[in-house]
């Protein structure tokens, strides 16, 4: 074990060692992060503390002893955990420590202000068969907010001691120590999770050792929810045969349920927590809480939620990103900075000092590194993406995104997804490549494929979105047609994919974090962080694009590719020059969008009809190279080629149909 | 760090399970929440230094 000794204060000369006996009983402090666990630990242990890495991990665990309890008892401050079902390394370590046969008492430390969200873990700990003491910490903050908790009644209902504490002032610590000297009796409280789940728990528990430190019921519940760590323990304890039998019970149970066992258990814990706290917890209704509740309802109820989404899209995307970012800012940088000053100066510098024409073309030609690569990234992409990330950071910091996920959950189910898919789809508006990576967090293969198709086909990235909004903002009709066509294709494709692809529909559930007022510092930091990340990625790519185009021009390959795309462009009613934007678009979507912008600023801009058709086709067009490669890695070559082929055909077919319909209506 | 989506806390300095098998091998500078999968870019060192510079001195760290 990699030991790092940390001394807090001087070691008392009378104490020969700060280490308790190797077989000393353990008192564990367990709880969510940021509930004052460590402060309480410090109050219990004072200066007698060791911090060491848990064996085989880099997770630090603090342990020591309490002078009032003597060396016979070891106090352990476990890493933060939200549930007995571990997700992170820290939670796995906490779970392992909890499984130790040496555990005498578990102190569950909760933030008294948020007891309703944390009592679920208390119930899990009680069911684990350990003596539990509930420490309602941060009581001073709860009192300030007017929150009252009848801890005696709660104690009676839970069947365990409930002690209000304030770790900073040591309030309640003496009472806590008293309960550590004599461990409390076990509570008989159990949380009913429904007939099927309960039967499965009973069936699994029969295969578990009744003498295990954690109660068989709790272990069975964890196995049913797919706890891999518990599965490993089962194999070690009973062998592969027993594990296989248990897994068969788990599989059979899952087949009978509409949702995952974890969903039912979580719901039961929440429901039971609410019932236990009814009459024990009194929270005054303050004006900010009232407002938060009203806003919550507005965000998540379809009648008000969807209009709110439309408002957010209008002001956030159309006005700020499209008009201000892609319009005002881009025009300023393009015309006042690059075209008026920077590019003429640079061209004259290159012409004066570089005799070799190909090198001049590479740097300052039509597709030069400076004249195109740098100009695209700074004059066009930077203001658009910057505004997008600013809007996104504001929404993110406000806590709106989880509510959006809840709102669209029902609608998403019709296209084979659920609310969780909001994460990759919203991220896709920033960058589809990253969003495609994030699809791996979706539960089923079916969802991952459907979401990947939608990202490849119909979710424009921020730069593409911003340029198109900027170009079409002058005509409400063109914008409406573009948005309507793209949205319809997205929903139709999703619906079709959901019908054709086999698989189950998983449930989406999550605990909503509170709504909060975005802080300027947070928003600016997040925007800046994303901008740094984005530019580190695109600047080399844009420069590379210029180099590749330069090579393509020298070898005439570029001209050949443009020439071969011309029939497609003419079929859509687009000018031949628009082939460049599409070719760019395959390299980088944002590069293609910038190409479209350039075309509009040229001597022969497209008509509104052509612009609408180009916008629709380019939005639905092939994913960029980076996204293509990520798709290939995430979904496999076969699925990627199918998706890409389908997207290509769809993009040009829809583009052609848009062109035909617009011609018929005389636009 | 706190996940901006689900507001759960996790240690961003540790390579989470989600990074294993990713094409970038964990070197993409993004941080993925192990609870909800939400991805956000890691704060640049310059921002961390600025925050540390402006952090009020002598204030005890909230437990």
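The values are calculated or read from the model by the stated rules, or taken from the named source; none is laboratory data. Values in this document were obtained by computation on a predicted structure and should not be read as measured data. No Cβ is skipped: glycine too gets one built from the backbone with ideal geometry, and neighbour counts run over all protein chains shown.
State whether one or more residues within the stretch A:503-517 are more than 14 Å from chain B (Cβ to nearest Cβ), more than 23 Å from the chain's Cα centre (by Cα) and closer than 26 Å to residue B:37 by Cβ. Checked the stretch A:503-517: at least one residue is more than 14 Å from chain B (Cβ to nearest Cβ), more than 23 Å from the chain's Cα centre (by Cα) and closer than 26 Å to residue B:37 by Cβ. Among the conditions (1) without any contact (Cβ under 8 Å) to a residue 60 or more places away in the chain; (2) not in a helix (DSSP H, G or I), residue A:451 misses just one, which is (2).
Among the residues of the stretch A:263-276, none qualifies, meaning not one is over 30 Å from residue A:442 (Cα atoms) and over 33 Å from the mean Cα position of the chain (by Cα). Scanning the stretch A:239-249 turns up no residue that is in contact with a strand residue (DSSP E or B) (Cβ under 9 Å, 6 or more places away or on another chain) and either in contact (Cβ under 8 Å) with a residue 12 or more places away in the chain or under 30 Å from residue A:139 (Cβ atoms) (or both).
Name every residue in the stretch A:352-372 that is part of a loop (DSSP other than H, G, I, E, B) and surrounded by fewer than 16 Cβ atoms within 10 Å (Cβ to Cβ), in order of residue number.
First pass over the stretch A:352-372, keeping only residues part of a loop (DSSP other than H, G, I, E, B): A:354-356, A:365-368.
Of everything in the stretch A:352-372, those that are part of a loop (DSSP other than H, G, I, E, B) and surrounded by fewer than 16 Cβ atoms within 10 Å (Cβ to Cβ) turn out to be A:354, A:355, A:356, A:366.
Here A:319, A:330 are screened, and the one residue that is assigned by TED's automatic domain parsing to the domain that holds residue A:426, crowded, with 17+ Cβ neighbours inside 10 Å and without any contact (Cβ under 8 Å) to a residue 24 or more places away in the chain is A:319. On the stretch given as the stretch A:266-309, residues that are assigned to a helix (DSSP H, G or I), farther than 28 Å from residue A:419 by Cα and without any contact (Cβ under 8 Å) to a residue 24 or more places away in the chain total 1.
Can you tell me which residues in the stretch A:98-113 are away from chain B (no Cβ under 11 Å) and either over 22 Å from residue A:186 (Cα atoms) or surrounded by 20 or more Cβ atoms within 10 Å (Cβ to Cβ) (or both)? The answer is A:98, A:103, A:105, A:106, A:107, A:108, A:110, A:112, A:113.
Would you confirm whether or not the stretch A:523-534 contains a residue that is under 28 Å from residue A:401 (Cβ atoms), modelled with pLDDT under 80 and either assigned by TED's automatic domain parsing to the domain that holds residue A:118 or not in a loop (DSSP other than H, G, I, E, B) (or both)?
Step one: list which residues in the stretch A:523-534 are under 28 Å from residue A:401 (Cβ atoms), which gives A:523-534.
Within this subset, residues satisfying the condition of being modelled with pLDDT under 80 are A:533-534.
Then keep just the ones that are either assigned by TED's automatic domain parsing to the domain that holds residue A:118 or not in a loop (DSSP other than H, G, I, E, B) (or both); that gives A:533-534.
Yes: the stretch A:523-534 contains one or more residues that are under 28 Å from residue A:401 (Cβ atoms), modelled with pLDDT under 80 and either assigned by TED's automatic domain parsing to the domain that holds residue A:118 or not in a loop (DSSP other than H, G, I, E, B) (or both).
Applying the condition of being more than 17 Å from residue A:176 (Cα to Cα) and crowded, with 23+ Cβ neighbours inside 10 Å to the stretch A:64-81 and asking which residue is farthest from the other protein chains (Cβ to nearest Cβ) yields A:78. Determine which single condition residue A:412 fails, assuming it passes every other condition in (1) farther than 30 Å from residue A:292 by Cα; (2) in a helix (DSSP H, G or I). If we test residue A:412 against (1) farther than 30 Å from residue A:292 by Cα; (2) in a helix (DSSP H, G or I), just (1) comes out false.
Only one of A:496, A:500 is out of contact with any strand residue (DSSP E or B) (no Cβ under 7 Å at 6 or more places or on another chain), closer than 20 Å to residue A:652 by Cβ and either within 14 Å of chain B (Cβ to nearest Cβ) or without any contact (Cβ under 8 Å) to a residue 40 or more places away in the chain (or both). Can you tell me which? First the steps, then the outcome.
Values: A:500 fails: closer than 20 Å to residue A:652 by Cβ.
Result of the check over A:496, A:500: A:496.
Annotation note: of A:231, A:254, the sole residue that is more than 18 Å from residue A:194 (Cβ to Cβ) and surrounded by 15 or more Cβ atoms within 10 Å (Cβ to Cβ) is A:231. With the condition kept exactly as written, say whether any residue in the stretch B:13-34 is part of a loop (DSSP other than H, G, I, E, B), within 8 Å of another protein chain (Cβ to nearest Cβ) and either at pLDDT 80 or above or surrounded by 21 or more Cβ atoms within 10 Å (Cβ to Cβ) (or both). Yes, some residue in the stretch B:13-34 is part of a loop (DSSP other than H, G, I, E, B), within 8 Å of another protein chain (Cβ to nearest Cβ) and either at pLDDT 80 or above or surrounded by 21 or more Cβ atoms within 10 Å (Cβ to Cβ) (or both). None of A:391, A:438 is in contact with a strand residue (DSSP E or B) (Cβ under 6 Å, 6 or more places away or on another chain) and either closer than 20 Å to residue A:457 by Cβ or assigned to a helix (DSSP H, G or I) (or both) except A:438.
Just name the residue that is nearest to residue A:114 (Cα to Cα) out of those in the stretch A:519-538 that are surrounded by 17 or more Cβ atoms within 10 Å (Cβ to Cβ) and more than 10 Å from every other protein chain (Cβ to nearest Cβ). Among residues in the stretch A:519-538 that are surrounded by 17 or more Cβ atoms within 10 Å (Cβ to Cβ) and more than 10 Å from every other protein chain (Cβ to nearest Cβ), the one nearest to residue A:114 (Cα to Cα) is A:523.
Out of all the residues in the stretch A:34-59, which are out of contact with any helix residue (DSSP H, G or I) (no Cβ under 8 Å at 6 or more places or on another chain) and more than 10 Å from every other protein chain (Cβ to nearest Cβ)? If you could, list the steps in order and put the result at the bottom.
Of the residues in the stretch A:34-59, the ones out of contact with any helix residue (DSSP H, G or I) (no Cβ under 8 Å at 6 or more places or on another chain) are A:34, A:36-39, A:41-42, A:45-48, A:50-53, A:55-56.
Of everything in the stretch A:34-59, those that are out of contact with any helix residue (DSSP H, G or I) (no Cβ under 8 Å at 6 or more places or on another chain) and more than 10 Å from every other protein chain (Cβ to nearest Cβ) turn out to be A:45, A:46, A:47, A:48, A:50, A:51, A:52, A:53, A:55, A:56.
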